[in-house]
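The values are calculated or read from the model by the stated rules, or taken from the named source; none is laboratory data. The structure displayed is predicted, hence computed values, not measured ones. When we count neighbours, we look across all protein chains shown, and the Cβ atoms used for this are built from the backbone with ideal geometry, even at glycine.
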Amino acid sequence: MENFQTHKMTVSVDKHSSHLEQFKDFYKELDDQGKTIENLPHEKIEEYQLKAINATLEHVWNENEYYRSRLEEAGFTEPKIDHLEQLATVPMLKKDVIRGDKEKILCVEPKEIGQVHLTSGTSGKPIYTSYTLADQYVYDLLPKYLELFKETEEDVAAIALPYEFALPGLGFQRLFQFAFGTAVLSLGKGGYMAPVDKSLELMKEYQATVLTTTPSYASLLAEESEKYGIEIGKDIKLKKIWLTGEGCSSTFRQRLEKWWGCEVSFFYGSTECGVIGVECSKHQGYHVMEGHIKLEIIDPDSGEVLPYGQTGEIVVTTLLREGMPMVRYRSGDLGKLQKSQCDCGIALDVLELRGRMEHMLRIGDEDYSPFMIEHFLMELPDVGLWYHLKLNKGELTIEAEKFRTDLSDKKLAKKIRKHMKDRIGIDCNVVIRDDIPRTFGKATRVFN
Ligand SMILES: [Zn+2]
């Protein structure tokens with residue numbers, strides 16, 4: 001496979017030495033052999049992960065009191081595991097412990113911090129994540145995924161994600177500029193400098209080929225383009241859209257593919273952990289970015305690690321972090337892990353994401369992922385991309401909008417009710433609206 005990407009711009013941080021330096025050699029060797037971590041045999045990936053986990057454990061043991069005391073309480077006399085299964089004995093990190101606390105798991109001197117990112121903190125105090133300059137510009141860019149990312153210096157990438165506080169905007173900016181050599185249009189998302197019409201205009205003027213944004217904002221941009229007389233497919237011709245920030249179903253993704261006339265793929269990450277998984281062109285789930293993180297699935301009640309194929313909470317250990325490594329961080333997201341049998345040939349494990357634990361909808365005796373309900377709702381082409389799922393005493397009401405249809409409200413509501421009953425056996429109320437609010441922030445679709 002020819003190496004399309006440039007990867008020409010890794011910054012060197014002078015006189016820097018870190019527990020992560022050793023992995024520069026590992027990745028250089030792969031480069032020299034024309035390989036990436038994506039196509040190594042899985043035993044080799046696991047060998048690397050064990051080494052990286054132990055390097056991280058040693059780093060947090062030496063540099064952070066909290067991590068060290070937790071490890072000691074768990075019976076560790078040295079920061080080391082002998083095989084990957086033993087990671088299950090390392091204490092997990094809960095959000096509550098680090099919420100609102102800047103230093104709890106900080107593993108460098110405060111003066112070493114290059115940048116601080118915050119979670120949006122919709123529920124209480126934010127989580128602070130500190131990156132060193134080397135985290136951002138050196139270690140984070142070491143693992144390459146040339147099969148998953150096809151962007152090159154020929155591309156123009158529009159980034160319509162928040163640049164304030166959280167990681168997404170700046171994270172993608174670095175990835176595109178430094179790894180792929182791509183020109184970037186930093187559209188942002190709803191800041192006062194970033195009205196939708198100007199964003200679309202810029203994409204048109206610079207002939208953007210890639211768009212990175214959230215599912216709801218991708219629909220908002222498409223919708224608004226019609227108002228401003230910018231024709232998608234003619235004035236803006238994208239090759240690819242990366243979706244992140246909010247999850248969505250595969251049918252929602254396909255609706256966007258149709259509207260934008262290009263491939264749309266998911267990118268799963270978080271401000272605390274960075275990149276976690278990326279969809280390949282087969283769209284059979286997320287390939288786990290095993291160069292950056294080790295992913296486990298646990299039973300959220302017992303904390304026990306679950307085998308491949310079982311659904312549970314996603315737990316992430318970052319492998320290449322100096323400033324604030326996350327060790328067995330409980331993400332609050334649900335998912336299921338499988339060994340890769342993907343036609344694309346990539347060896348990285350495959351994650352099926354189910355959404356956030358607190359967003360699960362209890363209907364009757366069953367928990368439903370909102371993505372699953374969305375999946376079936378979006379199968380109906382007369383239903384628009386904006387909707388609400390409202391749960392009241394175990395009863396679901398779907399509020400939906402019409403999309404390019406002649407059906408009356410009544411007929412469409414009936415059609416949705418029948419479809420949901422036939423497809424997943426859910427009895428629901430349906431209200432057709434034409435005023436579901438558009439948002440620049442995270443779209444709120446679930447109310448329970
Ligand atoms: Zn694949």
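Limited to the range 276-301, what total is found for residues that are near the ligand (Cβ under 9 Å from one of its atoms), surrounded by fewer than 22 Cβ atoms within 10 Å (Cβ to Cβ) and either under 15 Å from R354 (Cα atoms) or not polar (S, T, N, Q) (or both)?
The number of residues fulfilling the criteria is 3.
Taking C273, is it within 16 Å of the ligand (Cβ to nearest atom) and out of contact with any Gly (no Cβ under 8 Å at 6 or more places or on another chain)?
Answer is no for this residue.
Looking only at the range 339-357, which residues are within 11 Å of the ligand (Cβ to nearest atom) and not aliphatic (A, V, I, L, M)? Quick ask: steps written out before the conclusion?
Going through the range 339-357, the residues within 11 Å of the ligand (Cβ to nearest atom) turn out to be 340-350.
Correct list: S340, Q341, C342, D343, C344, G345, D349.
With the requirement that a residue be at pLDDT 95 or above and among the acidic types (D, E), what does the range 155-185 give you?
If the condition is that a residue be at pLDDT 95 or above and among the acidic types (D, E), then D155 is the only one that fits.
Among the numbered criteria (1) in a loop (DSSP other than H, G, I, E, B); (2) modelled with pLDDT under 95; (3) within 17 Å of the chain's Cα centre (by Cα); (4) not charged (D, E, K, R), which one does G345 miss?
Of everything listed in (1) in a loop (DSSP other than H, G, I, E, B); (2) modelled with pLDDT under 95; (3) within 17 Å of the chain's Cα centre (by Cα); (4) not charged (D, E, K, R), G345 misses just condition (3).
Go through the range 242-270 and report how many residues are within 16 Å of the ligand (Cβ to nearest atom) and closer than 21 Å to K95 by Cα.
1
Does any residue of the range 349-363 turn out to be part of a strand (DSSP E or B), modelled with pLDDT under 95 and over 19 Å from V446 (Cα atoms)?
Taking every residue of the range 349-363 in turn, at least one turns out to be part of a strand (DSSP E or B), modelled with pLDDT under 95 and over 19 Å from V446 (Cα atoms).
Only residues that are assigned to a helix (DSSP H, G or I) and either of a type in the set (D, E) or at pLDDT below 95 (or both): list them for the range 78-94, please.
Passing the criteria: only E85.
Looking at the range 420-444 only, could you name the residues that are under 15 Å from F376 (Cα atoms) and touching a Leu at 6+ places or on another chain (Cβ under 6 Å)?
Across the range 420-444, the qualifying residue is only C428.
Any idea how many residues of the range 237-259 are of a type in the set (F, W, Y) and within 30 Å of G332 (Cβ to Cβ)? Walk me through it before giving the result.
Narrowing the range 237-259 to residues of a type in the set (F, W, Y): 242, 252, 259.
Applying the additional criterion that residues be within 30 Å of G332 (Cβ to Cβ) yields 242, 252.
Adding up the residues that qualify gives 2.
Tally the residues that are part of a helix (DSSP H, G or I) and free of Cβ contacts under 8 Å to residues at least 40 places away in the same chain, restricting the search to the range 255-306.
Residues that pass the stated criteria total 2.
Here is a yes/no grid of residues against (1) part of a loop (DSSP other than H, G, I, E, B); (2) touching a residue at least 12 places away in the same chain (Cβ under 8 Å); (3) closer than 26 Å to S199 by Cβ; (4) out of contact with any Lys or Arg (no Cβ under 7 Å at 6 or more places or on another chain):
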position	(1), (2), (3), (4)
Q136	no, yes, yes, no
P143	yes, yes, no, yes
L146	yes, yes, no, yes
F149	yes, yes, yes, yes
E153	yes, yes, yes, yes
